[in-house]
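Novice: Quick one: structure below, then a few questions.
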Amino acid sequence: MNFTLEERLNQILPRITSKDFLDSKGLGNEIGFWIFDYPPEREMDVRGFLSGTVLPALGKQVPPIKADSVDLLKLVTDLLEERNLLDKAMEMQKNKGDDSALSALRSVLKEDKIAQKIAALHDIANLDLLILSGVGAVYPMLRTHTLLSALHPIMGNTPLLMFFPGRYDGHSLRLFNTLAEDHYYRAFRLVPETV
């Protein structure tokens, strides 16, 4: 039986509010990294469900689930603004093209630095869950598999859920269902498409 996206979305809350999920039970000593993959063309539906249903519901649980959400595009934009680089980057992109702008920003937007920024902005040790979104919007500035690897030592026992516009088969990430696969084996698929 194949699940529709709506049916898969409706399975998110029961899963992420379960004690086993929050305690990372049943993972065989693996880290609690989870991916909810979805068709890229449904980005707005998933974004609306996350902000309108998932995030408000977490605080209403008894006891409340302490969760923070990181929109990677907002994080990157804020970081560039803090360093007075946003306008310069846009001007460079306009005048010299994407490759030049990306090359100039690479040292600022290294995934390990982004992971450290996430740790500085969020009290991860006191969270029950960290949610990442905006993955597609920051491509090719950030690479998902590299960011997840950089977050491994930072997350400790706190589960991480990443919303991914593309395909994750448990072995590789395929952003937008078209880009070359990035192999990543240390996350679990939150809700499968079939039973």
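The values are calculated or read from the model by the stated rules, or taken from the named source; none is laboratory data. What you see is a predicted model, and the numbers here were worked out from it, not measured in a lab. Cβ atoms come from the backbone with ideal geometry, glycine included; neighbour counts cover every protein chain shown.
Novice: Within the stretch 137-159, track down each residue that is part of a helix (DSSP H, G or I) and over 19 Å from Leu86 (Cα atoms).
Specialist: The answer is Thr144, His145, Thr146, Leu147, Leu148, Ser149, Ala150, Leu151, His152, Pro153, Ile154, Met155.
Novice: Does the stretch 111-118 contain at least one residue that is touching a Ser or Thr at 6+ places or on another chain (Cβ under 9 Å) and free of Cβ contacts under 8 Å to residues at least 24 places away in the same chain?
Specialist: Taking every residue of the stretch 111-118 in turn, at least one turns out to be touching a Ser or Thr at 6+ places or on another chain (Cβ under 9 Å) and free of Cβ contacts under 8 Å to residues at least 24 places away in the same chain.
Each row is one residue, and each column tells you yes or no for (1) hydrophobic (A, V, I, L, M, F, W, C); (2) within 17 Å of Leu22 (Cα to Cα); (3) more than 16 Å from the chain's Cα centre (by Cα); (4) surrounded by fewer than 17 Cβ atoms within 10 Å (Cβ to Cβ).
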site: Asp99; (1), (2), (3), (4): no, no, yes, yes
site: Asn126; (1), (2), (3), (4): no, yes, yes, yes
site: Ser133; (1), (2), (3), (4): no, no, no, no
site: Leu142; (1), (2), (3), (4): yes, no, no, no
site: Leu148; (1), (2), (3), (4): yes, no, no, no
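Novice: Can you tell me how many residues in the stretch 28-72 are farther than 22 Å from Ala119 by Cα and part of a loop (DSSP other than H, G, I, E, B)?
Specialist: 7
Novice: Out of Val70, Val76, Val62, Val54, which single residue is hydrophobic (A, V, I, L, M, F, W, C) and at pLDDT below 95?
Specialist: Step by step, each of Val70, Val76, Val62, Val54 is checked, and only Val62 is hydrophobic (A, V, I, L, M, F, W, C) and at pLDDT below 95.
Novice: Would you point out the residue of the stretch 25-41, among those that are surrounded by fewer than 18 Cβ atoms within 10 Å (Cβ to Cβ) and in contact (Cβ under 8 Å) with a residue 60 or more places away in the chain, that is nearest to Val138 (Cα to Cα)?
Specialist: Looking at the filtered set, the residue picked out is Pro40.
Novice: Say we look at the stretch 162-184 and pick out the residues that are out of contact with any Gly (no Cβ under 9 Å at 6 or more places or on another chain) and at pLDDT 90 or above; which of these is surrounded by the most Cβ atoms within 10 Å (Cβ to Cβ)?
Specialist: Met162
Novice: While we're on this one: What are the pairs with Cβ atoms under 8 angstrom where one residue, in the stretch 157-173, is free of Cβ contacts under 8 Å to residues at least 60 places away in the same chain and at positive phi and the other, located anywhere, is in a strand (DSSP E or B) and not aromatic (Phe, Trp, Tyr)? Sequence gap at least six, or different chains.
Specialist: Gly170/Arg189
Novice: Cβ-Cβ under 6 Å, sequence separation 6+ or interchain: first residue in the stretch 177-194 and closer than 22 Å to Arg8 by Cβ, partner among the small types (Gly, Ala, Ser). Which pairs?
Specialist: Final answer for the pair search is Asn177/Gly166; Glu181/Ser172; Arg189/Gly170.
Novice: Mind checking which pairs have a first residue in the stretch 1-20 that is farther than 19 Å from Pro159 by Cα and a second that is at pLDDT below 95 and hydroxyl-bearing (Ser, Thr, Tyr), Cβ under 7 Å, 6 or more apart or different chains?
Specialist: Filtered contacts from the stretch 1-20: Met1/Thr194; Asn2/Thr194; Phe3/Thr194.
Novice: A follow-up question, please. Please go through the stretch 73-128 and pick out each residue that is touching a helix residue (DSSP H, G or I) at 6+ places or on another chain (Cβ under 6 Å) and either aromatic (Phe, Trp, Tyr) or part of a loop (DSSP other than H, G, I, E, B) (or both).
Specialist: Correct list: Asp128 only.
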